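Chemist: Questions regarding the structure given below will be posed in turn.
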Amino acid sequence: MAAPAPGLISVFSSPQELGASLAQLVAQRAACCLAGARARFALGLSGGSLVSMLARELPAAAAPAGPAGLARWTLGFCDERLVPFEHAESTYGLYRAHLLSRLPIPDSQVITINPELPVEEAAEDYAKKLRQAFQGDSIPVFDLLILGVGPDGHTCSLFPDHPLLQEREKIVAPISDSPKPPPQRVTLTLPVLNAARTVIFVATGEGKAAVLK
């Protein structure tokens, strides 16, 4: 599958077909980035149904890169719930259990929040970690962000009509009043989403049809 053109919409007959194509696209994008001048691949992941989809398909698709290639992947999360990593709502916790156990990216290359901090401090801490990982970028520039979309149109933890949609200075923001539980979250902001080299929105199911249209 070729790299996506601006505004390209791809429709698949099943989540399984979508997942396989998505995994191949991630692997191809990674290979291009590792062969480029920066020689690294920065991937931002979202949670929800994407976890099981990527856990099922990505290890095999990424296997040709080998341990040396995967050691040059940097993994971040587009948003995260402020819950312990062992909690069923933890995006990183789910990826750790279902994907990272089979995709040997070094722990030092996986950027996570500190869920033990208050939400404002957790956002500041995550922003600091991202700036360290993306030294030289005024705003962290991910090679690929994989975003979901909710039935209400939210992506990351950026909800319709929420004040965070106007945030222009922070790269990471706390949210304490998420319309979708749990209420306390940490999210990338629109400046980071817009700075990414490639962004993919993945949506499945009838519940997403109206907002996509």
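Chemist: Name the one entry in Ala133, Ala173 that is crowded, with 21+ Cβ neighbours inside 10 Å, within 17 Å of the chain's Cα centre (by Cα) and on the phi < 0 side of the Ramachandran plot.
Modeler: One residue alone meets the criteria, Ala173.
Chemist: I'm checking my understanding of the structure. Among residues of the stretch 93-113 that are open to solvent by less than 30 Å² (accessible area, probe 1.4 Å) and without any contact (Cβ under 8 Å) to a residue 40 or more places away in the chain, which one is farthest from Ser176 (Cα to Cα)? So that I can check it myself, show each step before the final result.
Modeler: As a first pass, look at the stretch 93-113 and keep what is open to solvent by less than 30 Å² (accessible area, probe 1.4 Å): 93, 95, 99, 103, 105, 110-113.
This time we only want the ones that are without any contact (Cβ under 8 Å) to a residue 40 or more places away in the chain, so: 93, 105, 110-112.
Numbers: Gly93: 20, Ile105: 31, Val110: 24, Ile111: 21, Thr112: 18 Å.
It comes out as Ile105.
Chemist: How about the stretch 22-52: which of its residues are open to solvent by less than 30 Å² (accessible area, probe 1.4 Å), in a helix (DSSP H, G or I) and of a type in the set (Gly, Ala, Ser)? Even if it seems obvious, please write down each step before you answer.
Modeler: Going through the stretch 22-52, the residues open to solvent by less than 30 Å² (accessible area, probe 1.4 Å) turn out to be 22-23, 25-27, 30, 33-34, 41-47, 50-51.
Filter once more, keeping what is in a helix (DSSP H, G or I): 22-23, 25-27, 30, 33-34, 50-51.
Of everything in the stretch 22-52, those that are open to solvent by less than 30 Å² (accessible area, probe 1.4 Å), in a helix (DSSP H, G or I) and of a type in the set (Gly, Ala, Ser) turn out to be Ala23, Ala27, Ala30.
Chemist: Going by the structure shown, is Asp161 acidic (Asp, Glu), under 21 Å from Val51 (Cα atoms) and over 15 Å from the mean Cα position of the chain (by Cα)?
Modeler: Values: acidic (Asp, Glu): yes; under 21 Å from Val51 (Cα atoms): no; over 15 Å from the mean Cα position of the chain (by Cα): yes.
When the stated conditions are applied, Asp161 does not pass them.
Chemist: Could you identify the single residue in Glu80, Glu124, Glu116, Glu120 that is of a type outside the set (A, V, I, L, M, F, W, C) and open to solvent by less than 30 Å² (accessible area, probe 1.4 Å)? Don't jump to the end; show me each part of the working.
Modeler: On the way: Glu124 fails: open to solvent by less than 30 Å² (accessible area, probe 1.4 Å); Glu116 fails: open to solvent by less than 30 Å² (accessible area, probe 1.4 Å); Glu120 fails: open to solvent by less than 30 Å² (accessible area, probe 1.4 Å).
Exactly one residue qualifies, and that residue is Glu80.
The values are calculated or read from the model by the stated rules, or taken from the named source; none is laboratory data. Everything numeric in this text was worked out from a predicted model, so none of it was measured. Glycine also receives a Cβ, built like all others from the backbone with ideal geometry; neighbour counts cover every protein chain displayed. Ligands, DNA and RNA are excluded from the accessible area calculation, which covers all protein heavy atoms including side chains. Shrake-Rupley method; radii C 1.70, N 1.55, O 1.52, S 1.80 Å.
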